[in-house]
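Below: the structure, in structure tokens.
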Amino acid sequence: MQPVQPRIYLRRGEKAIEKLLVLSAAIFIIVIALITIFIFSKGLPLMVKVGLGDFIFNSDWRPSKGMFGIGAMVLGSLAVTVSAMVWAVPLGISTAILMAEIAPARVGRLLGNMVELLAGIPSVVYGFVGLVVIVPFIRNYLGGNGLSVLAGAIILGIMILPTVINISRDSILAVPKEYKEGSLALGATHYQTIRRVIIPAARSGIITAVVLGMGRAIGETMAVVMVTGNSAIVPGSILEPVRTMTSNIVLEMGYAAGDHQAALFATGVVLFVFIVALNLMVNMAAKAGTDNGRK
């Protein structure tokens with residue numbers, strides 16, 4: 001029988017750990033709230049002054065003349081992000097399926113280690129590689145000056161691959177083995193089982209991977225600054241230069257003042273709202289997947 005005194009110490013230790021965890025969560029929430037209040041307090045007055053519609057949809061960005069339209073940057077961010085997702089998502093999901101269901105276990109682990117290594121490379125290194133390899137290739141073989149939407153899409157696609165692959169692979173591996181065994185027992189082939197059983201069962205996790213990858217892409221700054229040309233214009237094609245919202249903040253915050261600085265904070269507000277919307281989409285997708293699994 002365990003002595004009473006050690007039990008008392010154990011309970012006190014558990015309560016201390018519980019209080020420490022609650023305190024950590026409270027500090028985290030307070031920090032997020034303070035950041036949110038700070039950004040909105042700096043940016044909302046300018047948005048009210050200019051008008052929400054003019055601020056978001058107007059493409060005329062000339063701070064020296066009091067014109068603060070970020071429409072070109074919004075379209076630039078969407079163009080680069082969507083272009084990256086178009087090729088990175090199918091490749092990432094296919095790689096996750098290969099690692100989880102098709103490749104031998106040793107090969108799957110090797111690929112997993114390589115993907116984790118890819119995730120650990122700093123963004124400035126990606127940007128440097130894009131600047132000395134991808135940009136000259138586009139300039140020499142496709143036209144333009146190389147600094148373009150396409151260059152940004154290639155670099156961003158490579159950067160979001162680890163997010164898409166890792167989360168999709170974990171979602172596929174989390175599918176109960178009984179689903180696969182039951183499908184094979186009914187006469188379905190391995191590839192039919194992957195397509196009609198495993199992928200639908202892992203759908204919520206795959207959607208989460210895609211949305212989180214999109215959030216990573218739209219919030220990326222350094223690599224995009226280095227390869228997209230940073231021209232505040234609406235791109236007419238993927239070979240033209242572009243400026244994203246994050247690039248706009250980084251490039252001009254160092255010397256901005258007054259309404260110009262407030263406009264950059266307002267751009268941060270737009271990014272903040274977009275990221276929050278993406279997170280809500282993730283939660284809704286996860287909830288929908290859980291509800292479908294229960295049914």
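No value in this document is a laboratory result; all are computed from the given coordinates. All values reported here derive from a predicted model rather than from experimental measurement. All Cβ positions, even for glycine, are placed from backbone atoms using ideal geometry, and neighbour counts span all protein chains on display.
Numbers at a glance
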| item | result |
| --- | --- |
| Estimated dipole of region 52-158 in Debye, rounded to 20 [Cβ of Lys and Arg +1, of Asp and Glu -1, Cα centre] | 200 |
| Note, ³J(HN,Hα) from phi for region 162-167, Karplus 6.51, -1.76, 1.60, rounded to Hz, x at Gly and Pro | x, 5, 5, 5, 5, 5 |
| Shape box of the chain [Cα atoms, principal axes, largest first, Å] | 78, 58, 37 |
| The chain: relative contact order as a whole-number percent, Cα under 8 Å and 6+ apart | 25 |
| Highest-first arrangement of 149-162, 51-64, where packing means the average Cβ count within 10 Å | 149-162, 51-64 |
| Kirkwood-based shape ratio for region 126-191, expressed as Rg/Rh from alpha carbons | 1.35 |
| Using θ = phi - 60° and Karplus 6.51 cos²θ - 1.76 cosθ + 1.60, couplings along region 89-95 (whole Hz; Gly, Pro as x) | 5, x, 5, x, 5, 4, 5 |
| Among GLY215, ALA266, ILE198 - extreme Cα towards positive end, dipole of the chain, charges at beta-carbon | ILE198 |
| FRET efficiency, MET284 to LEU91 (Cβ-Cβ, R0 30 Å, nearest 0.05) | 0.75 |
| Pairwise label distance in nanometres, ARG12 with TYR141, each label 7 Å out on the Cα-Cβ vector | 7.0 |
| Amide hydrogen neighbours beyond the local backbone of PHE68, cut-off 5 Å, H modeled | ARG62 |
| Dipole magnitude (debye, nearest 20) for the chain, charges at Cβ of Lys, Arg, Asp, Glu | 840 |
| Reachable aspartates and glutamates, given that their alpha-carbon falls under 14 Å from the alpha-carbon of LYS65 and they are not under 8 places away in the same chain | ASP259 |
| For region 224-257 versus region 104-121, the gap between their alpha-carbon centres in whole angstrom | 33 |
| Mean ellipticity per residue at 222 nm, deg cm²/dmol - from DSSP H runs of n ≥ 4 across the chain, formula -39500 (n - 2.57) | -24000 deg cm²/dmol |
| Extreme residue, positive dipole direction of region 70-294, given options MET284, GLY127, LEU142 (C-beta unit charges) | MET284 |
| Proximal aspartates and glutamates to LYS177, defined as alpha-carbon separation beneath 14 angstrom and excluding residues fewer than eight positions away on the same chain | GLU101 |
| Whole-angstrom Cα spans of region 1-108 along principal axes, big to small | 80, 49, 19 |
| Extension reserve of the VAL273-SER237 stretch, reckoned as 0.36 nm per residue once the Cα distance is removed | 10.2 nm |
